[in-house]
Amino acid sequence: MSRQIKIGNLTLGGGAPIRVQSMTNTDTMDTRATVEQTLRMVAAGCELVRITAPDVKAAENLGRIKEELLKHGCAVPLVADIHFNPKAAEVAAALVEKVRVNPGNYTDRNTGKLEFTEQEYNDELKRIGERMSSLIDICKAHHTAMRIGTNHGSLSERVMSRYGNTPEGMAQSAMEFARVCREQDYHNLVFSMKASNVKVMVQSTRRFVEMMQAEGMDYPIHLGVTEAGDGDQGRLKSAAGIGALLIDGIGDTLRVSLTEDPVAEIPVAYDILQAVGARISKAEYIACPSCGRTQYNIQEALHQIKARTSHLKGLKIGVMGCIVNGPGEMADADYGYVGSGEGKITLYKGQQVMKRNIDQADAVDELVALIKAHGDWQEA
């Protein structure tokens, strides 16, 4: 289990719920548009909001954005997204709850150099500590968290000269910054290994966690497949990468990156968390695909049941075609709706039969009545 850190008033890691976050796509200097989009994201369930700060002026405007959000009664923690600009990071760290820096372009100087001697390599490592010390001091003074986020597409020339553009290189790049922060006694940290390639994202994250644990570190992990795209592709790539790591027990916060309105990312994130059993936010359904043994319209039944019960957070309902495999395959369901003949349904509470051979036309109403009778109903 990772250590628990604070991002403003939000707890992260250490057994806290896995937090859902997203990022605005407005111009940071457009305060009104950024505030309005942030409010929509929060209303959809976003728990941390990241905003780009490409320069000092944008970093300064984060303070105004935060003021406007507070006027609307919104105290969501804000994360400043920084690339290339240490000064912007230092300004933002005094204004918002978290800053994100990329070890590939925060301190390293990319000059086209392809080979580094051992001395040159170590000199650059020393420079990381010197350059980070000012930001770390500001973060300490303001209780600001930091995400050190490695990107597959932006490893430094120095790291690539030794490890290549590989999962190992991504993990090593992050570990360099982790050691610097530990040496300077700063631990309010989150780490991420982002890639558009799902395998690289999974492999680099697993490798980083392995390295971190070997050195006695336990910092929280942020998960995400970057530039996943839109539609089904973006959702499936995100589910594959994020889900694989969550099942490993890795991950304390996540962002689903879609080429869509950021609000659309939030329900996908909760769906992934629900699918792996990491965070339950609605009812869950175990439903068979049906076969020739099914003698009722299971697709229509599932549609009706979901329409009536999807608000019942944490409830698990089995909708099965027949009694051959149905009762066994829905063994951990709270309630069961199982075909038992032509147009006939048998209802279960757990593994216990409650009502047999109900007409399909009445069965959904009977299921709702059964749920109510056992005290598991709540109004939408």
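The values are calculated or read from the model by the stated rules, or taken from the named source; none is laboratory data. From a predicted model like this one, the values you see are computed outputs, not experimental measurements. Glycine gets a Cβ as well: all are built from the backbone with ideal geometry, and neighbour counts include every protein chain shown.
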In the list 333, 307, which residue meets the criterion of being closer than 24 Å to residue 267 by Cβ, under 34 Å from the mean Cα position of the chain (by Cα) and crowded, with 21+ Cβ neighbours inside 10 Å? 333
Of all residues being touching a residue at least 24 places away in the same chain (Cβ under 8 Å) and not aliphatic (A, V, I, L, M) in segment 211-226, which is farthest from residue 245 (Cα to Cα)? Just the residue, please. 215
Can you tell me which residue among 373, 380 is among the small types (Gly, Ala, Ser) and within 34 Å of the chain's Cα centre (by Cα)? 380
Give the residue, chosen from 33, 59, that is assigned by TED's automatic domain parsing to the domain that holds residue 141, crowded, with 24+ Cβ neighbours inside 10 Å and either outside any helix (DSSP H, G or I) or among the small types (Gly, Ala, Ser) (or both). 59
Mind listing whichever residues of segment 3-24 are assigned to a strand (DSSP E or B) and touching a helix residue (DSSP H, G or I) at 6+ places or on another chain (Cβ under 7 Å)? 20, 22, 23
Note down all Cβ pairs under 9 Å where the first residue falls in segment 125-138 and is closer than 13 Å to residue 101 by Cβ, the second is surrounded by 14 or more Cβ atoms within 10 Å (Cβ to Cβ) and modelled with pLDDT under 90, and they're at least six residues apart or on different chains. 128/106; 128/107; 128/108; 131/106; 131/107; 132/106; 132/107; 135/106
For segment 193-206, check the following and say yes or no: at least one residue is closer than 25 Å to residue 136 by Cβ, without any contact (Cβ under 8 Å) to a residue 60 or more places away in the chain and part of a helix (DSSP H, G or I). yes
Among the residues of segment 246-294 satisfying the criterion of being touching an Asp or Glu at 6+ places or on another chain (Cβ under 9 Å) and β-branched (Val, Ile, Thr), which is surrounded by the fewest Cβ atoms within 10 Å (Cβ to Cβ)? 259
Reported set for segment 127-173 where residues are surrounded by fewer than 20 Cβ atoms within 10 Å (Cβ to Cβ) and among the charged types (D, E, K, R) is 127, 130, 131, 137, 140, 157, 162, 168
Within segment 174-188, take every residue that is touching a Lys or Arg at 6+ places or on another chain (Cβ under 8 Å) and crowded, with 17+ Cβ neighbours inside 10 Å and give me the one that is farthest from residue 116 (Cα to Cα). 188
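Conditions (1) hydrophobic (A, V, I, L, M, F, W, C); (2) closer than 23 Å to residue 49 by Cβ; (3) touching a strand residue (DSSP E or B) at 6+ places or on another chain (Cβ under 7 Å); (4) modelled with pLDDT under 85, marked per residue:
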position	(1), (2), (3), (4)
95	yes, yes, no, no
99	yes, yes, yes, no
102	no, yes, yes, no
108	no, no, no, yes
111	no, no, no, yes
117	no, no, no, no
122	no, no, no, no
126	no, no, no, no
137	no, no, no, no
Based on what the data block shows, is residue 159 in contact with a helix residue (DSSP H, G or I) (Cβ under 6 Å, 6 or more places away or on another chain), assigned to a loop (DSSP other than H, G, I, E, B) and assigned by TED's automatic domain parsing to the domain that holds residue 31? no
Residue 55 vs. criteria over 24 Å from the mean Cα position of the chain (by Cα) and in contact (Cβ under 8 Å) with a residue 12 or more places away in the chain: yes
Does residue 44 satisfy the criteria of being surrounded by 15 or more Cβ atoms within 10 Å (Cβ to Cβ), out of contact with any Leu (no Cβ under 8 Å at 6 or more places or on another chain), of a type in the set (Gly, Ala, Ser) and assigned by TED's automatic domain parsing to the domain that holds residue 139? yes
Inside segment 361-376, can you point out the residues that are buried (at least 19 other Cβ atoms within 10 Å of the Cβ) and either under 17 Å from residue 323 (Cβ atoms) or of a type in the set (Gly, Ala, Ser) (or both)? 363, 367
